[in-house]
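Down below is the structure, laid out as structure tokens.
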Amino acid sequence: MRTSSFPNLLPVFFSLLYLLIGQSTVNAAQTSAGAVTRAYSHIDDVRTNKKGLCKVIRTSGDDEYSEAEERCPSGPSGWPVTMNSFDARVYVRFGRQEPNGGSVSDALNGAFADPHSVIEWRLLNGRPFAAIHRYYFGDQQALTIHRLNDNMTSCVAAVVNAERGHDANAEAVRIADEIVPTFRCASEKMIIVGHVAQNP
């Protein structure tokens, strides 16, 4: 009697079919998620006093204590960039500050800080969802990672303090791409990596 070998091939057939379906599902998920890209914009270089990109739109106070608000070149998709200067502190915000979210002042513990002149924007399918910005204060540096909401409000979702032997840039990008897209400004606590900045 001849015994067909076809039944013995069934497990192999279904295993291959499962793998093909699984791989197709993964590829579809990656396609629907899209690719994360980056873009850069520039503001005045406060540390070297190179100005001309940002324009003063409001001032207040006197010679002893003055405040200034400047409008800087927009980011991708027209995201507003505003630089605020007061009491030897210069902070930058994107869009409007989310009322219940963390600010740059919160992230840096009110440090006397100057921002880097370059802002990195993280985009998904061409739309910005996060921004990364470096600050200098004394001999310290920190990167703030901002959640950009659909309603043009933002908050600081995380701060990565630059420390010797630690790749702060890579950590900031990882947080921006993996955590920030679902971060809720109003209900989640700011993520702090490294030693918290203190005023010198």
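Just wondering, is there one or more residues in segment 136-147 that are under 10 Å from the mean Cα position of the chain (by Cα) and free of Cβ contacts under 8 Å to residues at least 12 places away in the same chain? Scanning segment 136-147, I find no residue that is under 10 Å from the mean Cα position of the chain (by Cα) and free of Cβ contacts under 8 Å to residues at least 12 places away in the same chain, so the answer is no. Regarding residue 95, is this residue of a type outside the set (A, V, I, L, M, F, W, C), modelled with pLDDT of 50 or more and under 26 Å from the mean Cα position of the chain (by Cα)? Yes; evaluated as a whole, the condition is true for this residue. Please go through segment 55-105 and give me each residue that is of a type in the set (A, V, I, L, M) and either under 18 Å from residue 155 (Cα atoms) or surrounded by 15 or more Cβ atoms within 10 Å (Cβ to Cβ) (or both), ordered by number. If the condition is that a residue be of a type in the set (A, V, I, L, M) and either under 18 Å from residue 155 (Cα atoms) or surrounded by 15 or more Cβ atoms within 10 Å (Cβ to Cβ) (or both), then 68, 81, 83, 90, 92, 104 are the ones that fit.
Sort out which residues of segment 172-183 are in contact (Cβ under 8 Å) with a residue 24 or more places away in the chain and surrounded by fewer than 19 Cβ atoms within 10 Å (Cβ to Cβ), and write them in order of number.
Within segment 172-183, 177, 181 qualify.
On inspection, residue 150 does not qualify as on the phi < 0 side of the Ramachandran plot, acidic (Asp, Glu) and either buried (at least 22 other Cβ atoms within 10 Å of the Cβ) or touching a residue at least 60 places away in the same chain (Cβ under 8 Å) (or both). Restrict the check to segment 41-54 and report whether at least one residue is closer than 30 Å to residue 175 by Cβ, surrounded by 11 or more Cβ atoms within 10 Å (Cβ to Cβ), of a type in the set (Val, Ile, Thr) and out of contact with any Lys or Arg (no Cβ under 9 Å at 6 or more places or on another chain). Taking every residue of segment 41-54 in turn, at least one turns out to be closer than 30 Å to residue 175 by Cβ, surrounded by 11 or more Cβ atoms within 10 Å (Cβ to Cβ), of a type in the set (Val, Ile, Thr) and out of contact with any Lys or Arg (no Cβ under 9 Å at 6 or more places or on another chain). Within segment 64-94, the set of residues being free of Cβ contacts under 8 Å to residues at least 60 places away in the same chain, farther than 20 Å from residue 113 by Cα and part of a loop (DSSP other than H, G, I, E, B) comprises 73, 74, 75.
Report yes if some residue within segment 148-161 is of a type outside the set (Asp, Glu) and out of contact with any strand residue (DSSP E or B) (no Cβ under 9 Å at 6 or more places or on another chain); otherwise report no.
no
Beta carbons closer than 8 Å, at least 6 apart along the sequence or on distinct chains, pair a first residue in segment 32-60 that is over 18 Å from residue 73 (Cβ atoms) and in a strand (DSSP E or B) with a second that is modelled with pLDDT under 95 and not small (Gly, Ala, Ser) for 59/67; 60/67. None of 2, 47 is modelled with pLDDT under 95, within 26 Å of the chain's Cα centre (by Cα) and on the phi < 0 side of the Ramachandran plot except 47.
Residues that are farther than 19 Å from residue 86 by Cβ and either surrounded by 19 or more Cβ atoms within 10 Å (Cβ to Cβ) or free of Cβ contacts under 8 Å to residues at least 12 places away in the same chain (or both) within segment 118-135 comprise 119, 120, 121, 122, 123, 128, 129, 130, 131, 132, 134, listed in sequence order.
The values are calculated or read from the model by the stated rules, or taken from the named source; none is laboratory data. Computed from a prediction, not measured in an experiment: that's the story for all the values here. No Cβ is skipped: glycine too gets one built from the backbone with ideal geometry, and neighbour counts run over all protein chains shown.
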